[in-house]
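**Q** Dropping the structure in here first, questions after.
The values are calculated or read from the model by the stated rules, or taken from the named source; none is laboratory data. All values reported here derive from a predicted model rather than from experimental measurement. Glycine gets a Cβ as well: all are built from the backbone with ideal geometry, and neighbour counts include every protein chain shown. Remember, those area values only see protein heavy atoms, side chains included, never the ligands or the DNA or RNA. Shrake-Rupley method; radii C 1.70, N 1.55, O 1.52, S 1.80 Å.
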Amino acid sequence: MKMPEHTDTPKEKILVYIRAEQQKTLHRRQVCINDIASVYCKYSRYEGQIKGMIVDKIRGKKSVIPVMKIIEQITELYDDAQVISIGEPEVLVEYDDNSKNKILEALKVAAVCILIFFGSAFTIMAFNNDISISGVFEHFYKQIMGVDKPQVSVLEVFYCIGLAVGIILFFNHIGKRKLSDDVTPIQVEMDKHNKDTWDTIIDKVKEKQDV
């Protein structure tokens, strides 16, 4: 006797991929999933609803939102969803109310530029004085030309040009333009600094939220 086929198959899981950012700045306190994470699901209806879900509210100037909280909210709404996180485990969300004084911000930038300019100039002069560059130029000029070096010679001119060109090539920038698509040393260091800063801020904000 032929047995009846069993048709009660388990419900197919809907895969949802989320990639959370490490840090986001918002101009409102209400936080939606789409504000802090990229969402992908092959079913566009699910994807659109998940993106619009309100996940939390920013308390104060900064809040930390765990990705586990996002996963819990998605699975509570869709019990057939399987959420896979491929991004950061926590998101630092900062609230910006656009209340910054633009004139004050411009003055701060100008002050920093002036400090960097004169600080760099002083550092170069101090370095030249430490290695007695003027004495090196005088000795080198006399060896090559056979006469005493004048007060200003081609050595000083090309040294200044070479110093400027070397700095430009090293940092790979002329203003906002890059000489090549290579990552510059300052970009690598700034990226490391930003990651370390965000990790520290996340730990501090979590401590305050847990109190």
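**Q** Could you grab the pairs with beta carbons closer than 6 Å, sequence gap of 6+ or different chains, first residue in the stretch 45-72 and in a strand (DSSP E or B), second one open to solvent by 40 Å² or more (accessible area, probe 1.4 Å) and at pLDDT below 85?
**A** Pairs found: V64/K206.
**Q** Got a sec? Which of L92, L77 is under 17 Å from C41 (Cα atoms) and either surrounded by fewer than 16 Cβ atoms within 10 Å (Cβ to Cβ) or within 26 Å of the chain's Cα centre (by Cα) (or both)?
**A** L77
**Q** Restricting the first residue to the stretch 157-178 and requiring it to be farther than 16 Å from S120 by Cα, which pairs with a second residue that is part of a strand (DSSP E or B) and modelled with pLDDT under 80 meet a Cβ separation below 8 Å and a spacing of at least six or different chains?
**A** From the stretch 157-178, the pairs are N172/K178.
**Q** Among (1) under 30 Å from K208 (Cα atoms); (2) of a type in the set (G, A, S); (3) touching a helix residue (DSSP H, G or I) at 6+ places or on another chain (Cβ under 9 Å), where does S99 come up short?
**A** The number of the failed condition is (3).
**Q** Here's another thing I want to ask about it. Any residue in the stretch 154-165 that is more than 21 Å from the chain's Cα centre (by Cα), open to solvent by 80 Å² or more (accessible area, probe 1.4 Å), closer than 18 Å to I65 by Cα and not charged (D, E, K, R)?
**A** No, every residue in the stretch 154-165 fails to be more than 21 Å from the chain's Cα centre (by Cα), open to solvent by 80 Å² or more (accessible area, probe 1.4 Å), closer than 18 Å to I65 by Cα and not charged (D, E, K, R).
**Q** Okay, moving on. With crowded, with 16+ Cβ neighbours inside 10 Å and of a type outside the set (K, R) as the only criterion, which of V67, V109 stands out? Write out each step before concluding.
**A** Values: V109 fails: crowded, with 16+ Cβ neighbours inside 10 Å.
Just one listed residue meets the conditions, V67.
**Q** Within the stretch 95-110, does at least one residue satisfy the condition of being touching a strand residue (DSSP E or B) at 6+ places or on another chain (Cβ under 7 Å) and not in a helix (DSSP H, G or I)?
**A** Within the stretch 95-110 (the criterion being touching a strand residue (DSSP E or B) at 6+ places or on another chain (Cβ under 7 Å) and not in a helix (DSSP H, G or I)), the answer is yes, since at least one residue qualifies.
**Q** How many of the residues in the stretch 14-37 are under 16 Å from G60 (Cα atoms) and not in a strand (DSSP E or B)?
**A** Qualifying residue count, the stretch 14-37: 3.
**Q** Counting just the residues of the stretch 27-40 that are surrounded by 12 or more Cβ atoms within 10 Å (Cβ to Cβ) and at pLDDT below 90, which one comes out farthest from T75 (Cα to Cα)? Show your work before the answer.
**A** Taking the stretch 27-40 and keeping what is surrounded by 12 or more Cβ atoms within 10 Å (Cβ to Cβ), we get 28-29, 31-40.
Among the residues that remain, those that are also at pLDDT below 90 are: 28-29.
Details: R28: 26, R29: 24 Å.
Step by step, filter the stretch 27-40, then rank; the result is R28.
**Q** Quick one: in the stretch 43-64, of everything that is open to solvent by 70 Å² or more (accessible area, probe 1.4 Å) and more than 24 Å from the chain's Cα centre (by Cα), which residue is nearest to D97 (Cα to Cα)?
**A** I54
**Q** Looking only at the stretch 123-146, filter to residues that are small (G, A, S) and assigned to a helix (DSSP H, G or I); which one of those is surrounded by the most Cβ atoms within 10 Å (Cβ to Cβ)?
**A** Step by step, filter the stretch 123-146, then rank; the result is S134.
**Q** OK, next. Take K100 and tell me if it is in contact with an Asp or Glu (Cβ under 6 Å, 6 or more places away or on another chain) and at pLDDT below 90.
**A** no
**Q** If I filter the stretch 186-208 for residues that are assigned to a helix (DSSP H, G or I), of a type in the set (F, W, Y) and without any contact (Cβ under 8 Å) to a residue 40 or more places away in the chain, do I get at least one hit?
**A** Within the stretch 186-208, none of the residues are assigned to a helix (DSSP H, G or I), of a type in the set (F, W, Y) and without any contact (Cβ under 8 Å) to a residue 40 or more places away in the chain.
**Q** Looking at this structure, is K149 of a type outside the set (F, W, Y), open to solvent by less than 80 Å² (accessible area, probe 1.4 Å) and outside any helix (DSSP H, G or I)?
**A** yes
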